[in-house]
Amino acid sequence: MKLSSVSFVLLVFIAGCGGGGGMLSSNVTVTVSPATVTIATSDQVTLQATVKGTANDANPSLTWTIDELKTNGASGSQCNWVSTPPAGPCPDGTIQGADANSSTVTYHAPSSAGTFHVTAETIVSLSPPVLKDGTSVITVGP
């Protein structure tokens, strides 16, 4: 009887550590607040990502991107910065404070109007790779 109890505890532990993969990753959500916002050209807005359903919700590893920059093989994060703004060109704005452990960033709007999508993404599982993301839609107006 003792062996089956140990086996059960081990099974629960493995499942809780992500051994099940699919069930755990399907419960993960990423939201970015505000979900939609309108700001003036050359203005800025603070964005906050919240991750729920992982063992590391309080300190998730996030990748921030401006979706419109994802062209011709670019990652969308080439206009991210921590201490020095990028040299550019960054026609879709920049994201300040976008290091791997940052759940709060500042989006700096470009000098031209448009609609831009800033996404926060986290890796839920490596094998197989499972990514979850949330997006803020930012309308930049004159």
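Here is how the numbers come out for the structure above:
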| item | result |
| --- | --- |
| Among residues of the range 119-131, those that are at pLDDT 90 or above and out of contact with any Asp or Glu (no Cβ under 7 Å at 6 or more places or on another chain), counted | 1 |
| Residue in the range 54-72 that is surrounded by fewer than 21 Cβ atoms within 10 Å (Cβ to Cβ), hydrophobic (A, V, I, L, M, F, W, C), in a loop (DSSP other than H, G, I, E, B) and at pLDDT 90 or above present | no |
| Output for the range 73-98, where each listed residue is surrounded by 16 or more Cβ atoms within 10 Å (Cβ to Cβ) and at positive phi | G76, G93, G97 |
| Neighbours by Cβ (under 6 Å, 6+ apart or cross-chain): first from the range 62-77, closer than 17 Å to Q48 by Cβ; second among the charged types (D, E, K, R) and surrounded by 12 or more Cβ atoms within 10 Å (Cβ to Cβ) | T63/E121; I66/D92 |
| Residues that are part of a loop (DSSP other than H, G, I, E, B), aliphatic (A, V, I, L, M) and under 16 Å from V45 (Cβ atoms), drawn from the range 81-104 | A98 |
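The values are calculated or read from the model by the stated rules, or taken from the named source; none is laboratory data. Quantities reported herein were computed from a predicted structural model and do not represent experimental measurements. Glycine gets a Cβ as well: all are built from the backbone with ideal geometry, and neighbour counts include every protein chain shown.
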